[in-house]
Structures are given as C-alpha cells and as structure tokens.
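Shown next, in structure tokens, is the structure this report addresses.
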Amino acid sequence: FPVTIGLLRMAKAVAGMSGRDYVIPEDVQDVVHAVLCHRFLLDPERELSGVTADLVLKEIIQSVPVPR
C-alpha cells in the first residue's frame, strides 16, 4: 500500500498548495503520473511496438470516470 499512501500524500500536497484542505479528483489526476509511471513494466513486444508506460497510464486515467 505504500503506492496509494504516496498518491494520497501527493494529492493532499497539491490541494494544500491550491489553498484547499480537501482533495478533488483533479488533484489525484495531477500527481498520478509522477507516482505510478515508473512502476509500469511492459512486455518486450509492447515496447518494440512503441507503447510506453506513459501512454498506458494516460489511457487508464482517461478510462476511469471522475466522481462528481
């Protein structure tokens, strides 16, 4: 769970720097790349076809609906 704790702490920091004492979905979206991208391991076939961890993470983020 250290990854989720890191994601939460970073999102809280972004919220605090924005003058809020609460986290909004956009705060999480702003930090998820920095927290998770280096943790993705792609199989060699995908890497050779030009797929990157950055691209995979962006697709995942876009596919998750933002709660309102």
If you scan region 38-67, which residues turn out to be open to solvent by 70 Å² or more (accessible area, probe 1.4 Å) and touching a residue at least 40 places away in the same chain (Cβ under 8 Å)? PRO67
Go through (1) at pLDDT below 90; (2) not in a helix (DSSP H, G or I) for GLY50 and report which single condition fails. (1)
Reported set for region 15-30 where residues are touching a Lys or Arg at 6+ places or on another chain (Cβ under 9 Å) and in a helix (DSSP H, G or I) is PRO25, ASP27
Of all residues in region 9-25, how many are without any contact (Cβ under 8 Å) to a residue 24 or more places away in the chain and surrounded by fewer than 15 Cβ atoms within 10 Å (Cβ to Cβ)? 9
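The values are calculated or read from the model by the stated rules, or taken from the named source; none is laboratory data. Being a predicted model, the structure only gives us computed values, none of them experimental. Don't worry about glycine lacking a Cβ; one is built from the backbone with ideal geometry, like all the others, and counts go over all protein chains shown. Note: accessible area is taken over every heavy atom of the protein model, side chains too, but ligands, DNA and RNA are not part of it. Shrake-Rupley method; radii C 1.70, N 1.55, O 1.52, S 1.80 Å.
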